[in-house]
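Asks: Let me give you the structure first, and then I'll get to my questions.
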Amino acid sequence: MTTRSFSVAFDYRCPFARNASEHVVAAMRAGAPYEVTFRAFSLPEVHVPEGGLSVFDDPSKRNELVAQAAALVVRERFPDRFLAVHTAFFVARHEHGRDLREEETARAALKEGGADADAVFAELDAGWPYDLLATEHRGLVASHAVFGVPTFIAGEQAAFVRLLSRPRSGEEARATIDRVLDLLTSHTELNEFKHTSIPR
């Protein structure tokens, strides 16, 4: 069975990033041979006006970054808990309508995912997770011209992908992600394919 290696850029604010991430996670839990790196991307940074101060350099915007920075701590320090925490942050935002800028929300998501919230926040206080978030975001822009989420990246190829539904099963999720990866890596002549209307 051939392993497929790729990255997915995410921001917990985006419902389409949730759909994509849940497909990937469901496929992996169903046994899909994926090696995946979930890479943080900041939508608030994208919306900084030209000439404005980067959210990564603005202390007053630190709370805009706390959820993703916390997830990066888990990815780097407690990787066995990452998928659960990653999913919990999306649930907090898109099912419960929680404010990701609040420490209480981040702590609850970390606890839901089985991570030690105090240990994660100790790392956040050290500052390095915010630096890593800035580095990942800027690296995605520089290397693959990433402009939004979710973006799938495999080698030199990157594509912004919107999946309209959440996965109903691991098998369906794997089939969906395999199709995305096939288009991304084997059909590079296809630059844009977008339905003109959304089924209701």
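Laboratory data are not the source of any read-out in this text; all were calculated from the coordinates shown. Please read these numbers as outputs of a predicted model, since none were measured by experiment. Virtual Cβ from ideal backbone geometry, glycine too; neighbours counted across all protein chains shown.
Asks: If you add up the charges near Thr37, with Lys and Arg at +1 and Asp and Glu at -1, over every other residue whose beta carbon is less than 13 angstrom from its beta carbon, what do you get?
Replies: Numbers: positive: Arg4, Arg39, Arg75; negative: Glu35, Glu76, Glu136.
Within the 13 Å Cβ shell, the charges total 0.
Asks: Write down the percent of antiparallel bridges among all DSSP beta bridges whose residues are both part of the chain, to the nearest 5. Don't jump to the answer; show the numbers that get you there.
Replies: Working: 7 of 14 bridges.
Here the share of antiparallel DSSP bridges comes out near 50 percent.
Asks: Also, I was wondering about something else. Could you tell me the center-to-center distance, by alpha carbons, between region 27-80 and region 145-200 in angstrom?
Replies: 20 Å
Asks: Further question on the same structure: Of the peptides 62-75, 175-188, how do they stack up when ordered by the mean number of other Cβ atoms within 10 Å, highest first? Write down the numbers at each step before the final one.
Replies: On the way: 62-75: 22.9, 175-188: 15.6.
Averaged packing, sorted descending, gives the order 62-75, 175-188.
Asks: What shape does region 39-128 have by the C-alpha gyration tensor, where a ≥ b ≥ c are the square roots of the eigenvalues, rounded means a/c under 1.5, and otherwise prolate means a/b greater than b/c and oblate the rest?
Replies: Working: a/c = 1.99, a/b = 1.53, b/c = 1.30.
Prolate.
Asks: Hand me the chymotrypsin sites (Phe, Trp or Tyr not before Pro) from region 107-200 located in a DSSP loop with no more than 16 other Cβ atoms within 10 Å, in residue order please. Please list the in-between numbers first.
Replies: On the way: sites: Phe121, Tyr130, Phe147, Phe152, Phe160, Phe193; in loops: Phe147, Phe193.
Those that pass, being in a loop and sparsely packed, are Phe147, Phe193.
Asks: Compute the Kirkwood hydrodynamic radius of region 1-75, taking the inverse of the mean of 1/r over all pairs of distinct Cα atoms, and give it in Å to one decimal. Walk me through the intermediate numbers first.
Replies: On the way: mean 1/r = 0.0710 Å⁻¹.
For region 1-75, the Kirkwood estimate is 14.1 Å.
Asks: OK, next. Given 4 °C and 1.567 mPa s, compute D for region 97-180 with the Stokes-Einstein relation, Rh being the Kirkwood radius over Cα pairs; round to the nearest whole µm²/s. Walk me through the numbers on the way to the answer.
Replies: Working: Rh = 15.9 Å.
Here the translational diffusion coefficient equals 82 µm²/s.
Asks: Can you sort His86, His47, His94 so the residue with the fewest Cβ neighbours within 10 Å comes first? Mind showing how you got there, number by number?
Replies: Working: His86 22, His47 9, His94 17.
Ordered from fewest to most neighbouring Cβ atoms within 10 Å, His86, His47, His94 come out as His47, His94, His86.
Asks: So for region 4-186, what are the equivalent ellipsoid semi-axes in whole Å, largest first, each being the square root of 5 times an eigenvalue of the Cα gyration tensor?
Replies: Numbers: eigenvalues 125, 80, 41 Å².
After scaling each eigenvalue by five and taking roots: 25, 20, 14 Å.
Asks: If I take every Cα pair under 8 Å that is 6 or more residues apart in region 99-200, average their sequence separation and divide by the length, what percent do I get for the relative contact order? Walk me through the numbers on the way to the answer.
Replies: On the way: 41 pairs, mean separation 13.1, N = 102.
Contact order relative to length: 13 percent.
Asks: Taking neighbour Cβ counts within 10 Å as the exposure measure, how do Glu189, Glu123 sort from fewest upward? All intermediate terms of the calculation are to be shown ahead of the outcome.
Replies: Working: Glu189 5, Glu123 18.
Ranking Glu189, Glu123 by Cβ neighbours within 10 Å, fewest first, gives Glu189, Glu123.
Asks: Arranged by the count of other C-beta atoms within 10 angstrom, fewest first, what order do Ser42, Ser60 take?
Replies: Numbers: Ser42 24, Ser60 8.
Fewest-to-most ranking of Ser42, Ser60: Ser60, Ser42.
Asks: Relative contact order for region 4-186: what is it in percent, counting Cα pairs under 8 Å that are at least 6 residues apart?
Replies: On the way: 263 pairs, mean separation 63.4, N = 183.
Once normalised by length, the contact order is 35 percent.
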